[in-house]
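The values are calculated or read from the model by the stated rules, or taken from the named source; none is laboratory data. Note that this is a predicted model, so its numbers are computed, not measured. Because the Cβ atoms are built from the backbone with ideal geometry, glycine has one as well, and the counts that use them run over all protein chains shown.
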Amino acid sequence: MTAGTTSAASVAFDADVAIAAPLPVVGRDVLVPLVTGGEVEYAALDYGASAPCLQRVWDDVAGYLPYYGSVHRGAGYLSQLSTDLYEQSRATVAEFLGLRGDDTLLFTRGTTDSLNLLASVLPRGTRVFVFETEHHAALLPWRRHAGVTQLAAPSSPAQAVAALEAALEGSGDGPRLVCVTGASNVTGELFPVAELAEVAHRFGARIVLDAAQLAPHHPVSVADLDVDWIALSAHKLYAPFGSGVLAGRGDWLDAAEPYLAGGGASKAVSRDHVEWQSGAARHEAGSPNVIGAYALASACRAITEAGPAALVAREEALLARLRARLAEIPQVRTLELFGPESARVGVLSFVVEGWNSSRFAAVLSAEYGIGVRDGLFCAHPLVRHLLGGRADQPTECGSPDAPEGQQNLNAIRVSFGLGTPVEHLDRFAAAVRELVERGAVWNYTVDGGRCVPDADPRGERSLPAA
């Protein structure tokens, strides 16, 4: 696995270093209204939740739509064309992920769907080993299908490897599966996937990689990492059209009942018998999301053509620049598992001394037009661990003079990628400093569980008229 090299040393970023231009994304120039009046270009810094659509992807999808047709079972030309594009997309994504020749690639609805699918095909008696640092999509699906051993949050990559080795050493025989993230959706830190895979296989276990946060930032090769399966979401990989992938070994997939029963998964049906398909078709019942698959393949092609190494270098420069600016603000505390030297992607979570995190994020949006995320990021055990055990949703917005214990009950996350302009991160860092120094200019309240501007003058949110 290609790993990032951002370290404490890189925090001393050279402001004169030139950073390459971002790739074009849809919505790059969208203007949003501010509570203080006027409009500003929206700074989309929540890539960790959903990345914007690459312009290349949108253009490819728009070019295909006039030729859209049913997949696999139509005799017409457009149906046959759509079937070809769907299967070509499968091959393109397989190549992008470095799959082995006998691996199976299934199109799903996203990482959550992929890991639930894998959980549903586990052989009887399987034990699953997972770190508490996982996103809920990787933490929860196993509980309904297998025995789960939850490992404590590791303090270093080496400690993660040692913890897994100790857990597997005493786990006995029978099918076992390890689930691990490639990059944390909270801290952005990279996990030692290849080393964990080696440990898993040494003890006869299999391993699935949650690459939802890794694949948009770094090249990923299933063959090189030697993982058994990989799961990811297209909406984080610049193709927000409702698709995802589960890819890897086919034996457990072919041995299990189909994930969904229906057309496409069945080869022959009689009154009292069904013969199921093997391979990808077995778990892709119904009319597939051909547009989502084609969009994901388009994103894979765009990233490959842009040069993954150049994109990684650009992101590392952006990350170093941002970390350097935040390091100059003593009230900001960055959340880390492995420490400042650890390799990471463009995902960073933090808290601000004296501020309720939900209020801080609301002010960034309402007064600066900057979109970040606040909360527990669907990784509650990890955020609680990083916040010292305190991570409950506050009952009120809070303020700089909020009671002790009501300030940093959750965190703020900024995340970015290949479509992020330098000026958006600079604007974010300047806004953080300004808020710490002078505070918000508007009053905020809770509405529907969210911190929002009080008496918001912008009115109801809606799309602009065509």
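Scanning the stretch 414-433 for residues that are outside any helix (DSSP H, G or I), closer than 15 Å to G371 by Cβ and not hydroxyl-bearing (S, T, Y) yields V414, F416, G417, G419, P421.
Within the stretch 408-417, is even one residue farther than 25 Å from R384 by Cα and at pLDDT 95 or above?
To start, the set of residues in the stretch 408-417 that are farther than 25 Å from R384 by Cα comprises 417.
Filter again for at pLDDT 95 or above, leaving 417.
The answer is yes; a qualifying residue exists.
Each residue in the stretch 261-285 was checked for being surrounded by 15 or more Cβ atoms within 10 Å (Cβ to Cβ) and out of contact with any strand residue (DSSP E or B) (no Cβ under 7 Å at 6 or more places or on another chain), and 3 of them qualify.
Among the residues in the stretch 103-112, are any modelled with pLDDT of 95 or more, surrounded by 18 or more Cβ atoms within 10 Å (Cβ to Cβ) and in contact with a Pro (Cβ under 8 Å, 6 or more places away or on another chain)? Taking every residue of the stretch 103-112 in turn, at least one turns out to be modelled with pLDDT of 95 or more, surrounded by 18 or more Cβ atoms within 10 Å (Cβ to Cβ) and in contact with a Pro (Cβ under 8 Å, 6 or more places away or on another chain).
In the set (1) closer than 29 Å to L164 by Cβ; (2) in the same structural domain as Q213 (by TED's automatic domain parsing); (3) in contact with a helix residue (DSSP H, G or I) (Cβ under 9 Å, 6 or more places away or on another chain), the condition left unmet by G48 is number (2).
Quick check, is T112 outside any loop (DSSP other than H, G, I, E, B), within 27 Å of G242 (Cβ to Cβ), of a type in the set (S, T, N, Q) and touching a helix residue (DSSP H, G or I) at 6+ places or on another chain (Cβ under 9 Å)? Considered against the rule, which asks whether it is outside any loop (DSSP other than H, G, I, E, B), within 27 Å of G242 (Cβ to Cβ), of a type in the set (S, T, N, Q) and touching a helix residue (DSSP H, G or I) at 6+ places or on another chain (Cβ under 9 Å), T112 comes out as yes. Going by the structure shown, is A138 in contact with an Asp or Glu (Cβ under 6 Å, 6 or more places away or on another chain) and at pLDDT 95 or above? Answer is yes for this residue. Count of the stretch 63-101 residues, restricted to those that are touching a Pro at 6+ places or on another chain (Cβ under 6 Å) and either polar (S, T, N, Q) or part of a helix (DSSP H, G or I) (or both), is 0. Would you call L31 in the same structural domain as A223 (by TED's automatic domain parsing), surrounded by fewer than 17 Cβ atoms within 10 Å (Cβ to Cβ) and farther than 30 Å from L225 by Cβ? No; evaluated as a whole, the condition is false for this residue.
Can you tell me which residue within the stretch 118-127, out of those that are hydrophobic (A, V, I, L, M, F, W, C) and surrounded by fewer than 24 Cβ atoms within 10 Å (Cβ to Cβ), is farthest from L177 (Cα to Cα)? Please lay out each step first, then the result.
Let us first name the residues in the stretch 118-127 that are hydrophobic (A, V, I, L, M, F, W, C), namely 118-119, 121-122.
Going one step further and asking which of them are surrounded by fewer than 24 Cβ atoms within 10 Å (Cβ to Cβ), we end up with 119, 121-122.
Values: A119: 10, V121: 12, L122: 9 Å.
My answer is V121.
Residues checked against (1) over 16 Å from the mean Cα position of the chain (by Cα); (2) in a loop (DSSP other than H, G, I, E, B); (3) in the same structural domain as L105 (by TED's automatic domain parsing):
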residue	(1), (2), (3)
A215	no, yes, yes
P219	no, yes, yes
L232	no, no, yes
H235	no, no, yes
G242	no, yes, yes
Y259	yes, yes, yes
S287	yes, yes, yes
G292	yes, no, yes
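Here is a list: V441, V436. Which entry is over 25 Å from E316 (Cα atoms), at pLDDT 95 or above and part of a loop (DSSP other than H, G, I, E, B)? Can you show your working first?
Values: V436 fails: part of a loop (DSSP other than H, G, I, E, B).
Only one candidate qualifies: V441.
Report yes if A205 is surrounded by fewer than 16 Cβ atoms within 10 Å (Cβ to Cβ) and modelled with pLDDT of 95 or more, otherwise no.
Working: surrounded by fewer than 16 Cβ atoms within 10 Å (Cβ to Cβ): no; modelled with pLDDT of 95 or more: yes.
No, not satisfied.
In the stretch 246-257, of all residues being surrounded by 15 or more Cβ atoms within 10 Å (Cβ to Cβ) and in a loop (DSSP other than H, G, I, E, B), the one that is nearest to the chain's Cα centre (by Cα) corresponds to R249.
Within the stretch 183-212, how many residues turn out to be closer than 19 Å to L117 by Cα and not in a strand (DSSP E or B)?
To start, the set of residues in the stretch 183-212 that are closer than 19 Å to L117 by Cα comprises 205-212.
Checking which are not in a strand (DSSP E or B) leaves us with 205, 211-212.
So the answer is 3.
Please verify whether the stretch 289-311 includes one or more residues that are exposed (fewer than 15 other Cβ atoms within 10 Å of the Cβ) and either of a type in the set (A, V, I, L, M, F, W, C) or within 17 Å of L117 (Cβ to Cβ) (or both). Yes, the stretch 289-311 contains a residue that is exposed (fewer than 15 other Cβ atoms within 10 Å of the Cβ) and either of a type in the set (A, V, I, L, M, F, W, C) or within 17 Å of L117 (Cβ to Cβ) (or both).
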